[in-house]
1. So is L249 outside any strand (DSSP E or B), touching a Pro at 6+ places or on another chain (Cβ under 6 Å) and under 29 Å from A324 (Cβ atoms) or not?
2. Go through region 195-227 and report how many residues are polar (S, T, N, Q), at pLDDT below 90 and closer than 15 Å to D248 by Cα.
3. Tell me which of these P125 doesn't satisfy, since it passes every other one: (1) in a helix (DSSP H, G or I); (2) open to solvent by less than 20 Å² (accessible area, probe 1.4 Å); (3) under 18 Å from I367 (Cα atoms); (4) in contact (Cβ under 8 Å) with a residue 60 or more places away in the chain.
4. Tell me, which residue of region 31-52 that is surrounded by fewer than 17 Cβ atoms within 10 Å (Cβ to Cβ) and of a type outside the set (A, V, I, L, M) is farthest from S18 (Cα to Cα)?
5. Could you list, in sequence order, all residues of region 224-239 that are open to solvent by 30 Å² or more (accessible area, probe 1.4 Å) and in contact with a helix residue (DSSP H, G or I) (Cβ under 8 Å, 6 or more places away or on another chain)?
6. Of everything in region 5-61, what is closer than 26 Å to K105 by Cβ and among the hydroxyl-bearing types (S, T, Y)? Give them in sequence order.
7. Suppose we filter region 252-270 for residues that are under 25 Å from A394 (Cα atoms) and either in a helix (DSSP H, G or I) or of a type in the set (V, I, T) (or both); how many remain?
Amino acid sequence: MQTRFSLAQLADPDTAESNKILRACVHCGFCTATCPTYVLLGDELDSPRGRIYLIKDMLEQGRPATADVVKHIDRCLSCLSCMTTCPSGVHYMHLVDHARAHIEKTYRRPWRDRLMRSLLATVLPYPGRLRVALTLAPLARPFAGLLSAIGLKPLSAMLRLAPTTAIPATPPTTRIHPAEGTRRGRVALLQGCANQVLGEHVNAATIRVLNRLGIEVVTPEEESCCGALVHHMGRERQSHAQARANIDLWMREIEGAGLDAIVINVSGCGTTVKDYGFMLRTDPAYAEKAARVSSLAKDISEYLVTLPASGPVRQTGLTVAYHAACSLQHGQRVIRQPKELLTRHGFIVRDIPEGHLCCGSAGTYNILQSDIAQTLRDRKIANIAQLSPDVIAAGNIGCMTQIASGTAIPVVHPVELIDWATGGPKPTGLSGGAQAMPGEGDLVTVAKTQAPA
């Protein structure tokens, strides 16, 4: 694609990067076939190719974003399916991130939109605030329909997504989780902001599995949100501040007792932490440290496949519909590891039809673009139903919450199943409730040939 940025414009590092990305695009249109919004809406401007033209025009002209441009950029899920499909290697993620930051700086949204986005940015990245909000949500849920009728549909969507069960109390803070037996390694676990409230059971399962394999786990108390939630809202200053806070925290561990990896069990967070090196590339105080942190970031499945097979497993015979979170399969290109681990631990794994299409979660998308998100969720659930699975596994708390809001099939994280198979409790939601260690008749020995390559 030909571009016409001035030399003055190209002096800006973000514009120079976007110029490179735009020039890589050859207009082929392969991306349209795998873009969820184009598949649903059929509008060229709601495809990656269409959005690329809108972004190019906006940035080249150096003008404020218009309402029409904002509408189509806001409809982008940042699922990054287009990046998997693109034969030319167009780094759409960095381009749309730049566009969102430009929109945030130059466009004044309607007051309802400003209010909702400020609320999300003030509450979601902070576990304490989120816990209070979700505790109060049942009181406001009866008014969800009224809120939607008066133009506060995002607030209505947020109430409908809130758990109907009681929010667990704040778990006790234990900074060091020692390895069982001989210590083979030491990692930091990113607990995640929403994950600490909605998925603490996932964190607990992750720690148990790692400890069982001889890995010491550190969970720093001062951890901040990774920055992903506000980064995708164009709030660059806030997301970069959160990234720097985490980098400082992890660097103290790296330079202290040392870390083999920074393990992440929320794939949306993982994609962002792996991008810290790019996000802070122009910051002289943090560029090198950010790159080092990014190089250590691993999805839990990436890290587990590097460890020796964990020994006896419980033979469940359960059929698992594996939902490949977009941020994992497209953002991080982690595809085989979760399925390999589940199969190794005795589960029957099935790929979901149209697995490349997003479930509609996408951070705050299922709140801010609830109609499209619900359509995508229903399409995902219909595809899952074709498999008649016993359980759905997804490596991202956003996907887990989104899918669970529309189906009675249990939705769990793969690490919960791995934990159960290797002696941990049965995941909440599976029939029969919690279950302790299996009896002798339930065990099978994992063959040495199943050790990861």
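The values are calculated or read from the model by the stated rules, or taken from the named source; none is laboratory data. This structure is a prediction, so every number in the text was calculated from the model and none was measured. Backbone-built Cβ (ideal geometry, glycine too); neighbour counts: all protein chains shown. For accessibility, only protein heavy atoms count, side chains too; no ligands or nucleic acids. Shrake-Rupley method; radii C 1.70, N 1.55, O 1.52, S 1.80 Å.
1. Details: outside any strand (DSSP E or B): yes; touching a Pro at 6+ places or on another chain (Cβ under 6 Å): yes; under 29 Å from A324 (Cβ atoms): no.
No.
2. Quick first cut of region 195-227, residues polar (S, T, N, Q) only: 195-196, 203, 206, 211, 219, 224.
The next check asks that each one be at pLDDT below 90; those that pass are 195-196, 224.
Add one more test, that the residue is closer than 15 Å to D248 by Cα, and what stays is 224.
Of the residues in region 195-227, 1 are polar (S, T, N, Q), at pLDDT below 90 and closer than 15 Å to D248 by Cα.
3. (1)
4. My answer is G42.
5. First, the residues of region 224-239 that are open to solvent by 30 Å² or more (accessible area, probe 1.4 Å): 224, 229, 232, 235-238.
Of everything in region 224-239, those that are open to solvent by 30 Å² or more (accessible area, probe 1.4 Å) and in contact with a helix residue (DSSP H, G or I) (Cβ under 8 Å, 6 or more places away or on another chain) turn out to be S224, L229, H232, R235, E236, Q238.
6. Matches in region 5-61: S6, T15, S18, T37, S47, Y53.
7. Final tally of qualifying residues: 8.
Table: residues versus (1) in a strand (DSSP E or B); (2) open to solvent by 20 Å² or more (accessible area, probe 1.4 Å); (3) modelled with pLDDT of 95 or more.
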{"site": "T272", "(1), (2), (3)": "no, no, yes"}
{"site": "P308", "(1), (2), (3)": "no, yes, no"}
{"site": "Y322", "(1), (2), (3)": "yes, no, yes"}
{"site": "Q329", "(1), (2), (3)": "no, yes, yes"}
{"site": "P338", "(1), (2), (3)": "no, no, yes"}
{"site": "I381", "(1), (2), (3)": "no, yes, yes"}
